[in-house]
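*Asks:* What follows is a structure written as structure tokens; I'll ask about it next.
Just so it is clear, none of the values below were taken in a lab; they were calculated from the coordinates. Model, not experiment: these values are computed from the prediction. When we count neighbours, we look across all protein chains shown, and the Cβ atoms used for this are built from the backbone with ideal geometry, even at glycine.
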There are 2 protein chains.
Amino acid sequence: GDAAAGKARSAVCVACHTESGISVVPIYPNLAGQKEAYLVSSMKAYKSQERKGGNAAIMWAIAGALSDEDINNLAAYYASLPAGGN
Amino acid sequence: GDAAAGKARSAVCVACHTESGISVVPIYPNLAGQKEAYLVSSMKAYKSQERKGGNAAIMWAIAGALSDEDINNLAAYYASLPAGGN
């Protein structure tokens, strides 16, 4: 995916995952430096609502509004951020 | 959880998530430095098989064999590893 396009699309993610991709809420995952293909797989699993459990339902709504292109770009963006946010 | 006990229990995880908690397979997530509470939530969602999609089925079997105490300890262990594996 295109990390720059992902950054442009990331406003909807920042509230929980923050600018650095390190979330401030213990139950929300850090995304920075995560595997790009895993991020794509996760977002698609939320979009299809196959992924349930925990706070999955929050992500159903958010991922539901993302196109596959958005998903690929957001995955590239978060994978490109330094793991641990430093 | 108890990170040391988690490390002792992590043999079953290393094959995919490696010693550093940074996976070598693009579709398997990095776990190092992830949020402890998120790791607990994820493992429980795999254990209950609520989490489907992607390679979830692999984790059903693995998480299915973990006690809640194992889950808490493994979460503490991987959360304690340096994000990005450095």
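*Asks:* State all residues of segment A:11-22 that are under 18 Å from A:Lys35 (Cβ atoms) and surrounded by fewer than 19 Cβ atoms within 10 Å (Cβ to Cβ); if no residue qualifies, say none.
*Replies:* Passing the criteria: only A:Ser20.
*Asks:* Can you tell me which residue is surrounded by the fewest Cβ atoms within 10 Å (Cβ to Cβ) among those in segment A:31-42 that are more than 7 Å from chain B (Cβ to nearest Cβ) and touching a Leu at 6+ places or on another chain (Cβ under 8 Å)?
*Replies:* It comes out as A:Leu39.
*Asks:* Also, quick follow-up: Would you check which residues across segment A:1-28 are part of a loop (DSSP other than H, G, I, E, B) and within 9 Å of the chain's Cα centre (by Cα) and list them?
*Replies:* Listed by number, the residues that qualify are A:Ser10, A:Gly21.
*Asks:* In this structure, does A:Gly1 turn out to be away from every other protein chain (no Cβ under 14 Å) and not aromatic (Phe, Trp, Tyr)?
*Replies:* Against the criterion (away from every other protein chain (no Cβ under 14 Å) and not aromatic (Phe, Trp, Tyr)), A:Gly1 does not qualify.
*Asks:* Select from segment B:43-86 the residues that are surrounded by 23 or more Cβ atoms within 10 Å (Cβ to Cβ) and either of a type in the set (D, E, K, R) or at the interface with chain A (Cβ under 7 Å from one of its Cβ atoms) (or both) and write down the one among them that is nearest to B:Gly1 (Cα to Cα).
*Replies:* Checking each candidate, the answer is B:Ala83.
*Asks:* Determine if segment A:9-30 includes at least one residue that is of a type in the set (Lys, Arg) and away from chain B (no Cβ under 13 Å).
*Replies:* Scanning segment A:9-30, I find at least one residue that is of a type in the set (Lys, Arg) and away from chain B (no Cβ under 13 Å), so the answer is yes.
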